[in-house]
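Note sheet for the following structure.
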Amino acid sequence: MVKKNAGIIGIGAYLPDKILTNADLEKIVDTSDEWIVSRSGIRKRHIADANEATSDLAAHAASKAIKDAQLNPGDIDMVIVATITPDMMIPSTATRVQGKIKATHACAFDIEAACSGFVYGLAIAKSFVLNGEMRNIVVIGAEILTRYVDWNDRTMCVLFGDGAGAVVVSTVDAERGLLGFHLGADGNTPRKWLMLPGSGSFNGSVPVSEDRKDFMTMDGKAIFKFGVSILPNIINKALIQSHLTSNDIKLIVPHQANIRIIESAAKRLGLGMEKFYVNIDQRANTSAASIPIAMSDAKNEGKLQNGDTIVLAGFGAGLTWASIALVL
Ligand code: ACO
């Protein structure tokens, strides 16, 4: 019997048309292009239109990935949307996407694992395809984070952007595909390190004033410290799980949270920055969408080609973290 694997056969991304530059932000809050670039690496971010929902961004990205895979929406068996900014609490964003892209045979559900969600989705898709229960799965990361930042809070509003990225996971030849992965979480860390109470069921024990509960709040320093230690750690874990070394890797596509976190990971791993794909300057932090958007950008720039061995690594609220190695 010919051995097979589960792998990525299509990639797509969608970024809203509107762009907000650091110069634009200088007119909104007391900040400067110099501060934003030097502290985060961000130069601009895309902002969703008022009439766009997360499922709209996700559906555009998914349609592009399905086309790139040379499939039709009717070929899709499962739609997974990783997001922390769903259209609504009920129904799931994935069901809206399933309807919008006309994937009429597909089941659909959301994953909430913050910036790690897309890689969690890939690990789930790998299992379903490998065990033969699903043929083609669309895994999407999609966010409209700019709708949940306080535009008077300079510590938050400069950091985030909107967008969506998607891949199709299907059966591929054994020498390609998704390899070892590592998923993790630590729910004992303070919730206030990164939270958005919104209309969730939890009320009371974390004091959040009424006017703050619909905004994302973050302890930037705590998350920075976490990012600096977890990112190199999970890149190594994906390599070990896949019996690879960094010499085997063409590109590492990390979650785009802060250029200084990526530079620190490169240093700790003893690798040059050329091994890391970076687009935070153009896209800002798009949480669950950041890794698939980066994959799409890297592919369009010719930095990622079929047959390349790469590592994806994300970390974020929860806390959560996730990494996976793959041959494209
Ligand atoms: N413009 C100008 N000054 C600012 C701004 C701004 N936009 N924001 C903060 N400052 C000021 C602060 O008020 C502070 O001033 P002070 O010293 O007078 O008090 C000073 O700049 C330094 O602020 P810090 O918070 O210490 O800046 P830091 O170097 O820590 O950078 C940042 C902040 C960029 C948020 C960083 O901590 C970071 O990137 N953290 C990690 C974020 C992250 O990785 N998130 C990932 C998860 S996202 C998710 O899951 C959705």
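What follows draws every value from the coordinates through simple rules; no lab data is involved. Remember, predicted model here, so these are calculated numbers, not experimental data. Every residue, glycine as well, gets a Cβ built from its backbone with ideal geometry; the counts of neighbours run over all protein chains shown.
Residues in region 108-159 that are assigned to a strand (DSSP E or B) and out of contact with any Asp or Glu (no Cβ under 7 Å at 6 or more places or on another chain): Ala108, Phe109, Asp110, Ile111, Val138, Val139, Ile140, Gly141, Ala142.
Please verify whether Ala142 is under 15 Å from the mean Cα position of the chain (by Cα) and either closer than 19 Å to Asp308 by Cβ or surrounded by 21 or more Cβ atoms within 10 Å (Cβ to Cβ) (or both), treating the condition exactly as stated. Considered against the rule, which asks whether it is under 15 Å from the mean Cα position of the chain (by Cα) and either closer than 19 Å to Asp308 by Cβ or surrounded by 21 or more Cβ atoms within 10 Å (Cβ to Cβ) (or both), Ala142 comes out as yes. Residue pairs whose Cβ atoms lie under 9 Å apart, separated by 6 or more positions or on different chains, with the first residue in region 27-55 and away from the ligand (no atom under 11 Å from the Cβ) and the second aromatic (Phe, Trp, Tyr), are Arg45/Phe160. Scanning region 87-107 for residues that are assigned to a helix (DSSP H, G or I) and among the polar types (S, T, N, Q), we see that the one that is surrounded by the fewest Cβ atoms within 10 Å (Cβ to Cβ) is Thr95. Are any residues in region 63-86 closer than 14 Å to Ala288 by Cα and either of a type in the set (Asp, Glu) or outside any loop (DSSP other than H, G, I, E, B) (or both), and if so, which ones? Matches in region 63-86: Ile80, Val81, Ala82. Restricting to region 221-230, and then to whatever is closer than 11 Å to Trp193 by Cα and crowded, with 16+ Cβ neighbours inside 10 Å, can you tell me which residue is farthest from the ligand (Cβ to nearest atom)? The qualifying residue farthest from the ligand (Cβ to nearest atom) is Phe226.
Residues in region 282-318 that are away from the ligand (no atom under 16 Å from the Cβ) and either among the polar types (S, T, N, Q) or without any contact (Cβ under 8 Å) to a residue 24 or more places away in the chain (or both): 8 in all. Cβ-Cβ contacts under 8 Å between residues 6 or more apart (or on different chains), taken from a first residue in region 150-172 that is closer than 18 Å to Gly74 by Cβ to a second residue that is near the ligand (Cβ under 8 Å from one of its atoms) and of a type in the set (Val, Ile, Thr), are absent.
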